[in-house]
Amino acid sequence: MKTLVLVGGGHAHLHCLEQLKKDSQKDWNVFLISPSSYQYYSGMFSGYTEGVYSLDDIRIDLSKLCRSIGVEFIEDAITTVDAKARELTGANGTVYAYDFVSFDIGSQTAVPEAIENHALSIKPNYRFPEQLVRTRESAHPVIVGGGASGVELAFSILSWRKQNQLSNNVALFSSTQLLMSQGAAASKKIEAIAEQKALPFYSGTGIESVDENNVITSAGDSHPQSEVLWLTGPKSFDLFQTSGLPTDENGYLLVTEMLQNNQHPEIFGAGDCVTIDQYPALAKNGVYAVRQGPILWENLKKSLSKGQLVRFTPQKRYVSILSTGDGEAFLSYGNQLFHGKIPWKIKQYIDRKFMKRYKDLYK
């Protein structure tokens, strides 16, 4: 009997678990290994921040999900991969053998080494609730990062503080214009929304250093801080490079369009922790991870039965909906931009539907 190990409870692996419940094949053993028994859904972080969702609303109980489908759940963090021996080693020294393994462990936040002792990060995402509460309640919260996460959480923290009659001392810093990766029109629109909602932001302004009470900007200015939430670009875990696996220059596991490693065909991966060799510039976001789920599942099944693998082709455009607080959201799709209550309702519907899909498997 073959052994399949799923490392991490990300979007693609959730799809695999769902299919395992439906699949009648029982000719392999399946294990899920994750450092937390809960998988938190980042799409609902803003709603939790603002007080719309409870903690249970935004997380999936991996241990219960696995138990409901006959998969063994192991709470551990994998620190080493021995591809030749086909073994994984956990943080506590336990060794796990596999015939096939798949990684869906997400990424870390790229916090500069000189700053990491003074900055909070929400990755891995099971750290989110604790870090968020500290930030939103502090006297002078500073958010660093003008991408989707930084913008969305800055708006949400501002909204929560207004609801709780706390001072408007939130500050958002970005080394570029806000949401620059979505284009100039989206950037201009979101900055106008920030001004309308009185969110203090400083675009084109990076952070050079952080001390106990202040951040020092790239312009040499000093700004007060009580907590710094660092939400800049992603960074790979060291796992793949230290294990000697093929990676890109940034340490992400290299896979083909089949989500399979070329050098070690028994190793698969999906989501933010991998780089697809045919699409090296593909953004690290949940949209692609969700789309990769069905491809990953088909290829894992076909590898176990020696079938022909299928290819993943990323979509060129996708809908982005970011909460801006107060029951409103910003929707962008190419050059189409919308802001208001309807995008927020659409976002709520999509997010609640996603969570219900997996929670219903064990409730």
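The values are calculated or read from the model by the stated rules, or taken from the named source; none is laboratory data. Everything numeric in this text was worked out from a predicted model, so none of it was measured. Positions of Cβ are generated from backbone atoms using ideal geometry, with glycine treated the same way; all protein chains shown enter the neighbour counts. Please note that ligands, DNA and RNA were not included when accessible areas were found on the heavy atoms of the full protein model with its side chains. Shrake-Rupley method; radii C 1.70, N 1.55, O 1.52, S 1.80 Å.
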May I ask you to say which residue of 347, 284, 316 is open to solvent by 10 Å² or more (accessible area, probe 1.4 Å), farther than 22 Å from residue 101 by Cα and in contact with a strand residue (DSSP E or B) (Cβ under 6 Å, 6 or more places away or on another chain)? 347
Tell me, which strands (runs of 3 or more DSSP E) lie completely within the range 47-157 with 1 or more residues that are small (Gly, Ala, Ser) and open to solvent by less than 10 Å² (accessible area, probe 1.4 Å)? 87-90, 100-103
Please go through (1) in contact (Cβ under 8 Å) with a residue 24 or more places away in the chain; (2) closer than 21 Å to residue 42 by Cβ; (3) of a type in the set (Phe, Trp, Tyr) for residue 349 and return the number of the only condition it doesn't satisfy. (1)
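Within the group 321, 295, 267, 342, which residue is open to solvent by 50 Å² or more (accessible area, probe 1.4 Å) and either modelled with pLDDT of 95 or more or within 23 Å of the chain's Cα centre (by Cα) (or both)?
Answer to the selection: 342.
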When the range 8-34 is examined, which residues are found to be at pLDDT below 95, open to solvent by 20 Å² or more (accessible area, probe 1.4 Å) and closer than 19 Å to residue 74 by Cβ? 21, 28, 29
So is residue 229 in contact (Cβ under 8 Å) with a residue 40 or more places away in the chain, open to solvent by less than 50 Å² (accessible area, probe 1.4 Å) and part of a loop (DSSP other than H, G, I, E, B) or not? no
In the range 300-312, which residue that is assigned to a loop (DSSP other than H, G, I, E, B) and modelled with pLDDT of 95 or more is nearest to residue 271 (Cα to Cα)? 312
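Per-residue answers, yes or no, for (1) under 21 Å from residue 118 (Cα atoms); (2) at pLDDT 95 or above; (3) within 20 Å of the chain's Cα centre (by Cα):
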site	(1), (2), (3)
191	no, yes, no
198	no, yes, no
214	yes, yes, no
224	yes, yes, no
254	no, yes, yes
259	no, yes, yes
263	no, yes, no
For the range 32-46, which residues satisfy the criterion of being of a type in the set (A, V, I, L, M) and part of a helix (DSSP H, G or I)? 44
Need the failing condition index for residue 176 against (1) open to solvent by 50 Å² or more (accessible area, probe 1.4 Å); (2) outside any helix (DSSP H, G or I); (3) over 28 Å from residue 282 (Cβ atoms), just the number. (3)
Residue under question is residue 181, and the condition is that it be assigned to a helix (DSSP H, G or I) and either open to solvent by 30 Å² or more (accessible area, probe 1.4 Å) or free of Cβ contacts under 8 Å to residues at least 12 places away in the same chain (or both); does it hold? yes
Among 215, 228, the single one that is under 24 Å from residue 130 (Cα atoms) and touching a helix residue (DSSP H, G or I) at 6+ places or on another chain (Cβ under 7 Å) is 228
Can we say residue 324 is assigned to a loop (DSSP other than H, G, I, E, B), within 30 Å of residue 139 (Cβ to Cβ) and not hydrophobic (A, V, I, L, M, F, W, C)? no
Check the range 193-209 and report whether any residue there is touching a helix residue (DSSP H, G or I) at 6+ places or on another chain (Cβ under 7 Å), open to solvent by 40 Å² or more (accessible area, probe 1.4 Å), of a type outside the set (Val, Ile, Thr) and assigned to a loop (DSSP other than H, G, I, E, B). no
